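Each remark here refers to the structure printed beneath this line.
The values are calculated or read from the model by the stated rules, or taken from the named source; none is laboratory data. Not measured: the values here are computed from a predicted model. All Cβ positions, glycine included, derive from the backbone under ideal geometry; neighbour counts span all protein chains shown.
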(Lines give C-alpha, C1' and ligand atoms only; values in the text may rest on other atoms or scores of the structure.)
Protein backbone atom coordinates (compact mmCIF):
# COMPACT_ATOMS: atom_id res chain seq x y z
CA UNK A 1 0.00 0.00 0.00
CA UNK A 2 1.33 3.43 -0.93
CA UNK A 3 1.75 5.46 2.23
CA UNK A 4 3.56 8.52 3.49
CA UNK A 5 4.19 8.94 7.20
CA UNK A 6 5.52 12.04 8.92
CA UNK A 7 6.92 12.76 12.33
CA UNK A 8 6.55 14.47 14.64
CA UNK A 9 2.87 15.29 14.36
CA UNK A 10 3.49 18.68 15.97
CA UNK A 11 6.50 20.67 17.08
CA UNK A 12 7.05 23.88 19.03
CA UNK A 13 10.36 25.71 18.80
CA UNK A 14 11.68 29.13 19.76
CA UNK A 15 12.40 31.74 17.14
CA UNK A 16 15.94 31.45 15.81
CA UNK A 17 16.27 27.74 16.56
CA UNK A 18 16.68 24.97 13.99
CA UNK A 19 14.46 21.95 13.55
CA UNK A 20 14.18 18.80 11.44
CA UNK A 21 11.02 17.14 10.21
CA UNK A 22 10.91 13.49 9.08
CA UNK A 23 9.11 11.64 6.30
CA UNK A 24 9.02 7.91 5.51
CA UNK A 25 7.27 6.54 2.44
CA UNK A 26 6.36 3.27 0.75
CA UNK A 27 5.16 4.69 -2.57
CA UNK A 28 6.24 2.62 -5.53
CA UNK A 29 7.20 3.22 -8.23
CA UNK A 30 8.76 6.41 -6.98
CA UNK A 31 8.97 9.54 -9.10
CA UNK A 32 9.80 12.40 -6.77
CA UNK A 33 9.36 13.69 -3.25
CA UNK A 34 8.10 17.14 -2.43
CA UNK A 35 7.82 19.22 0.68
CA UNK A 36 4.97 21.69 0.89
CA UNK A 37 4.22 24.45 3.35
CA UNK A 38 0.60 25.10 4.18
CA UNK A 39 -0.37 28.20 6.09
CA UNK A 40 -3.65 28.11 7.98
CA UNK A 41 -6.57 28.59 5.59
CA UNK A 42 -4.41 28.46 2.48
CA UNK A 43 -3.49 25.91 -0.14
CA UNK A 44 -0.14 24.06 0.01
CA UNK A 45 2.84 25.82 -1.55
CA UNK A 46 5.88 23.94 -2.79
CA UNK A 47 9.23 24.27 -0.98
CA UNK A 48 11.34 21.62 -2.73
CA UNK A 49 11.05 18.76 -5.16
CA UNK A 50 13.63 15.96 -5.37
CA UNK A 51 14.02 13.12 -7.80
CA UNK A 52 15.51 9.68 -7.23
CA UNK A 53 19.02 10.87 -8.06
CA UNK A 54 19.02 13.90 -5.76
CA UNK A 55 19.88 13.54 -2.10
CA UNK A 56 19.73 17.16 -0.99
CA UNK A 57 18.10 20.36 -2.12
CA UNK A 58 17.92 23.79 -0.52
CA UNK A 59 15.48 26.64 -0.77
CA UNK A 60 16.70 29.49 1.40
CA UNK A 61 16.52 28.38 5.03
CA UNK A 62 14.87 25.09 4.04
CA UNK A 63 17.03 22.07 3.21
CA UNK A 64 15.51 18.75 2.21
CA UNK A 65 17.33 15.43 2.09
CA UNK A 66 16.32 12.20 0.42
CA UNK A 67 17.58 8.65 0.94
CA UNK A 68 15.86 6.66 -1.78
CA UNK A 69 17.33 3.39 -0.51
CA UNK A 70 15.73 3.67 2.92
CA UNK A 71 12.77 5.69 1.57
CA UNK A 72 13.28 8.48 4.03
CA UNK A 73 13.37 12.24 3.72
CA UNK A 74 13.92 15.12 6.10
CA UNK A 75 13.25 18.84 6.00
CA UNK A 76 15.65 20.99 8.00
CA UNK A 77 14.67 24.55 8.85
CA UNK A 78 17.48 26.86 9.89
CA UNK A 79 17.16 29.97 12.05
CA UNK A 80 13.39 29.69 12.34
CA UNK A 81 11.14 32.72 12.02
CA UNK A 82 7.62 33.36 13.25
CA UNK A 83 6.42 33.11 9.65
CA UNK A 84 7.61 29.50 9.55
CA UNK A 85 4.63 28.55 11.72
CA UNK A 86 2.62 26.30 9.39
CA UNK A 87 1.93 22.71 8.48
CA UNK A 88 4.70 21.01 6.50
CA UNK A 89 3.52 18.26 4.24
CA UNK A 90 5.60 15.53 2.64
CA UNK A 91 4.23 14.43 -0.73
CA UNK A 92 5.46 11.55 -2.86
CA UNK A 93 4.64 11.30 -6.55
CA UNK A 94 4.12 7.95 -8.25
CA UNK A 95 6.22 7.34 -11.29
CA UNK A 96 4.75 5.05 -13.90
CA UNK A 97 1.72 3.90 -15.83
CA UNK A 98 -1.78 4.67 -14.64
CA UNK A 99 -0.51 6.27 -11.42
CA UNK A 100 1.90 8.62 -13.17
CA UNK A 101 1.71 11.98 -11.47
CA UNK A 102 -0.56 10.82 -8.68
CA UNK A 103 0.39 12.41 -5.35
CA UNK A 104 0.41 10.70 -1.97
CA UNK A 105 0.26 12.99 1.03
CA UNK A 106 1.53 12.68 4.56
CA UNK A 107 -0.60 14.09 7.37
CA UNK A 108 1.81 16.93 7.93
CA UNK A 109 3.85 18.26 10.83
CA UNK A 110 2.34 21.30 12.53
CA UNK A 111 5.22 23.63 13.38
CA UNK A 112 4.74 26.50 15.80
CA UNK A 113 7.49 29.06 16.27
CA UNK A 114 7.32 31.09 19.48
CA UNK A 115 9.02 34.46 19.97
CA UNK B 1 -1.07 35.07 -13.21
CA UNK B 2 -4.29 33.47 -11.98
CA UNK B 3 -2.91 29.91 -11.51
CA UNK B 4 -5.60 27.67 -9.99
CA UNK B 5 -8.83 29.42 -9.06
CA UNK B 6 -11.44 27.82 -6.83
CA UNK B 7 -14.91 29.13 -6.13
CA UNK B 8 -16.61 29.59 -3.78
CA UNK B 9 -14.23 30.04 -0.82
CA UNK B 10 -16.92 29.24 1.73
CA UNK B 11 -20.22 27.40 1.46
CA UNK B 12 -22.87 26.14 3.84
CA UNK B 13 -25.28 23.48 2.60
CA UNK B 14 -28.22 21.68 4.10
CA UNK B 15 -28.18 17.90 4.10
CA UNK B 16 -29.49 16.62 0.78
CA UNK B 17 -28.70 19.73 -1.23
CA UNK B 18 -26.48 19.53 -4.28
CA UNK B 19 -23.83 21.95 -5.44
CA UNK B 20 -20.80 22.32 -7.68
CA UNK B 21 -17.35 23.45 -6.60
CA UNK B 22 -15.59 25.20 -9.43
CA UNK B 23 -11.92 24.85 -10.35
CA UNK B 24 -10.18 26.56 -13.24
CA UNK B 25 -6.53 26.77 -14.27
CA UNK B 26 -4.89 28.90 -16.93
CA UNK B 27 -1.59 27.02 -17.26
CA UNK B 28 -2.72 24.46 -19.85
CA UNK B 29 -2.03 21.62 -17.41
CA UNK B 30 -3.23 18.15 -18.34
CA UNK B 31 -3.48 16.77 -14.81
CA UNK B 32 -6.14 18.11 -12.46
CA UNK B 33 -7.34 16.67 -9.19
CA UNK B 34 -9.61 17.27 -6.23
CA UNK B 35 -8.67 16.59 -2.61
CA UNK B 36 -10.38 16.92 0.70
CA UNK B 37 -8.56 17.82 3.89
CA UNK B 38 -9.95 16.89 7.27
CA UNK B 39 -8.47 17.71 10.68
CA UNK B 40 -5.55 15.44 11.56
CA UNK B 41 -5.51 13.80 8.15
CA UNK B 42 -3.51 14.30 5.01
CA UNK B 43 -5.09 15.43 1.79
CA UNK B 44 -7.10 12.60 0.29
CA UNK B 45 -7.70 12.25 -3.42
CA UNK B 46 -11.35 12.35 -4.50
CA UNK B 47 -11.17 12.33 -8.31
CA UNK B 48 -8.57 13.18 -10.89
CA UNK B 49 -8.27 13.78 -14.61
CA UNK B 50 -5.30 13.31 -16.93
CA UNK B 51 -6.86 15.33 -19.74
CA UNK B 52 -10.07 16.62 -21.26
CA UNK B 53 -12.69 13.90 -21.43
CA UNK B 54 -10.84 11.58 -19.02
CA UNK B 55 -11.61 11.22 -15.33
CA UNK B 56 -10.95 8.58 -12.71
CA UNK B 57 -11.67 7.88 -9.07
CA UNK B 58 -9.28 8.47 -6.23
CA UNK B 59 -9.36 7.20 -2.65
CA UNK B 60 -12.67 8.71 -1.53
CA UNK B 61 -14.95 9.21 -4.57
CA UNK B 62 -18.32 8.27 -3.07
CA UNK B 63 -20.83 11.10 -3.13
CA UNK B 64 -18.89 13.14 -5.68
CA UNK B 65 -18.97 13.46 -9.46
CA UNK B 66 -16.57 15.20 -11.82
CA UNK B 67 -16.34 16.00 -15.50
CA UNK B 68 -13.59 17.46 -17.69
CA UNK B 69 -15.05 18.95 -20.83
CA UNK B 70 -12.16 21.40 -21.27
CA UNK B 71 -8.51 21.47 -20.26
CA UNK B 72 -9.11 24.52 -18.09
CA UNK B 73 -12.07 23.47 -15.94
CA UNK B 74 -12.60 20.59 -13.53
CA UNK B 75 -15.80 21.03 -11.46
CA UNK B 76 -16.62 18.82 -8.49
CA UNK B 77 -20.29 18.04 -7.90
CA UNK B 78 -21.82 16.97 -4.62
CA UNK B 79 -24.91 15.02 -5.51
CA UNK B 80 -26.69 14.98 -2.15
CA UNK B 81 -24.67 16.66 0.56
CA UNK B 82 -24.09 14.83 3.85
CA UNK B 83 -22.54 16.09 7.10
CA UNK B 84 -19.61 13.70 6.47
CA UNK B 85 -18.70 15.87 3.48
CA UNK B 86 -17.94 18.82 5.73
CA UNK B 87 -14.32 19.50 4.87
CA UNK B 88 -11.90 21.78 3.08
CA UNK B 89 -11.60 20.99 -0.59
CA UNK B 90 -8.54 21.70 -2.72
CA UNK B 91 -8.14 21.57 -6.45
CA UNK B 92 -4.68 21.08 -7.95
CA UNK B 93 -3.19 21.04 -11.43
CA UNK B 94 0.12 20.01 -12.95
CA UNK B 95 1.62 19.02 -16.27
CA UNK B 96 1.36 15.27 -16.72
CA UNK B 97 5.07 14.74 -16.71
CA UNK B 98 7.29 13.61 -13.91
CA UNK B 99 9.14 15.97 -11.61
CA UNK B 100 6.97 18.98 -12.25
CA UNK B 101 5.29 21.30 -9.86
CA UNK B 102 1.70 20.87 -8.69
CA UNK B 103 -0.23 24.05 -8.04
CA UNK B 104 -3.06 24.23 -5.54
CA UNK B 105 -6.05 26.48 -5.31
CA UNK B 106 -6.84 28.39 -2.13
CA UNK B 107 -9.45 25.89 -1.02
CA UNK B 108 -13.20 25.79 -0.44
CA UNK B 109 -14.43 25.38 3.11
CA UNK B 110 -17.70 23.45 2.97
CA UNK B 111 -20.03 22.92 5.91
CA UNK B 112 -23.01 20.60 5.62
CA UNK B 113 -25.62 21.01 8.34
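Numbers at a glance
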| item | result |
| --- | --- |
| Selection from segment A:16-46 of residues that are in contact with a strand residue (DSSP E or B) (Cβ under 6 Å, 6 or more places away or on another chain) and free of Cβ contacts under 8 Å to residues at least 40 places away in the same chain | A:43, A:45, A:46 |
| Answer residue from segment B:1-12, given it is surrounded by 11 or more Cβ atoms within 10 Å (Cβ to Cβ) and either within 17 Å of residue A:42 (Cα to Cα) or in contact with a helix residue (DSSP H, G or I) (Cβ under 8 Å, 6 or more places away or on another chain) (or both) and is modelled with the lowest pLDDT among those | B:3 |
| Residues satisfying the stated conditions in segment B:13-34, i.e. at pLDDT 95 or above and part of a strand (DSSP E or B) | B:13, B:19, B:20, B:21, B:22, B:23, B:24, B:25, B:34 |
| Elements of type strands (runs of 3 or more DSSP E) contained in segment B:36-113, each with 2 or more residues being surrounded by 19 or more Cβ atoms within 10 Å (Cβ to Cβ) and more than 8 Å from chain A (Cβ to nearest Cβ) | B:44-51, B:64-66, B:76-78, B:87-94, B:108-112 |
